[in-house]
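Accompanying notes for the structure given below.
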Amino acid sequence: IKHYWMDTYHELFEKHLRYIKNEGIVRYEKGETFSWVKLIRDPLVALKNSLILQDGWREGLRGLFLSIFWAWYKWASLLALRRQQMSTNSD
């Protein structure tokens, strides 16, 4: 049995773009802070974990895409945190 939680890549991006909007707020409320080091480090760690440590490379192009997508999501979430932090500090 194969389970697909998204039917199209468009749905995948649409759903995650909605999540990212709220991700900054959630992280800020948990007390997380933005740093430029995290912005570089966290997506690279996510890519390494997904692609190499969890053998995403064995899935071919799909595994490569999902590994890069996860790293992008981590990066975009940190930028959302930065936006939230800046907007809260400017109030």
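The values are calculated or read from the model by the stated rules, or taken from the named source; none is laboratory data. Quick caveat, the model's predicted, so the values are computed rather than measured. Here the Cβ positions follow ideal geometry from the backbone for every residue, glycine too, while neighbour counts run over all protein chains shown. Note: accessible area is taken over every heavy atom of the protein model, side chains too, but ligands, DNA and RNA are not part of it. Shrake-Rupley method; radii C 1.70, N 1.55, O 1.52, S 1.80 Å.
With every protein chain left in place, what is the accessible area of LEU12 in Å² (1.4 Å probe, nearest 10)?
Accessible area of LEU12: about 10 Å².
Compute the label zone of LEU39 within the range 48-80: residues whose backbone N is under 13 Å from the point 7 Å along Cα-to-Cβ.
From the range 48-80, the list is 75-80.
Sorted by accessible area with a 1.4 angstrom probe, largest first, how do SER90, SER50, SER67 fall?
Details: SER90 90, SER50 25, SER67 0 Å².
Largest accessible area first, the list is SER90, SER50, SER67.
On the accessible surface of the chain, probed at 1.4 Å, how many percent belong to carbon and sulfur atoms? Don't jump to the answer; show the numbers that get you there.
Working: 4130 of 6880 Å².
Reported share for carbon and sulfur atoms: 60 percent.
Rounded to the nearest 10 Å², what accessible area does MET86 have for a 1.4 Å probe in the complete protein model?
In the full protein context, MET86 sits at about 100 Å².
List the relative contact order of the chain as a percent without decimals, with contacts defined as Cα pairs under 8 Å and 6+ residues apart.
Numbers: 72 pairs, mean separation 36.8, N = 91.
Relative contact order for the chain comes out at 40 percent.
Per the Cauchy relation, a quarter of the hull surface: what is the mean projected area of the convex hull of the alpha carbons in the range 39-91, in nm²?
On the way: hull surface 13.9 nm².
That works out to 3.5 nm².
Probe 1.4 Å, all protein chains in place: accessible area of TYR19 in Å², nearest 10?
Near enough 100 Å² of accessible area.
Sorted by accessible area with a 1.4 angstrom probe, largest first, how do ARG82, ARG62 fall?
On the way: ARG82 80, ARG62 125 Å².
Ranking ARG82, ARG62 by accessible area, largest first, yields ARG62, ARG82.
Return one whole number: the accessible area per residue of the chain in Å², for a 1.4 Å probe. Spell out each step's value before the answer.
Details: 6880 Å² over 91 residues.
Ligands and nucleic acids excluded, the figure is 76 Å² per residue.
When all alpha-carbon pairs of the chain are counted, what percent fall beyond 21 Å? Walk me through the numbers on the way to the answer.
On the way: 1662 of 4095 pairs.
Considering the chain, 41 percent of its Cα-Cα pairs are separated by more than 21 Å.
Whenever you get a sec, line up GLU23, GLU14, GLU29 from highest to lowest accessible area (probe 1.4 Å, protein heavy atoms). Don't skip to the end; give the middle numbers.
Details: GLU23 45, GLU14 90, GLU29 145 Å².
Final ranking, largest accessible area leading: GLU29, GLU14, GLU23.
Can you pull out the trypsin sites (Lys or Arg not before Pro) in the range 26-60 that DSSP calls coil and that have at most 12 other Cβ atoms within 10 Å? Don't skip to the end; give the middle numbers.
Working: sites: ARG27, LYS30, LYS38, ARG41, LYS48, ARG58; in loops: LYS30.
Passing both the DSSP loop test and the Cβ count: LYS30.
Nearest 500 deg cm²/dmol is fine: what mean residue ellipticity at 222 nm does the chain get from its DSSP H runs of n ≥ 4 alone, each adding -39,500 (n - 2.57), divided by its residue count?
On the way: 3 runs with 64 residues, N = 91.
That calculation yields -24500 deg cm²/dmol at 222 nm.
Could you give the DSSP H helices of the chain that reach 27 angstrom or more along their long axis (alpha carbon positions) and whose average Kyte-Doolittle hydropathy is no lower than 0.0?
Details: long enough: 9-29 (30 Å, -1.02); 61-90 (43 Å, 0.13).
Both cut-offs are met by 61-90.
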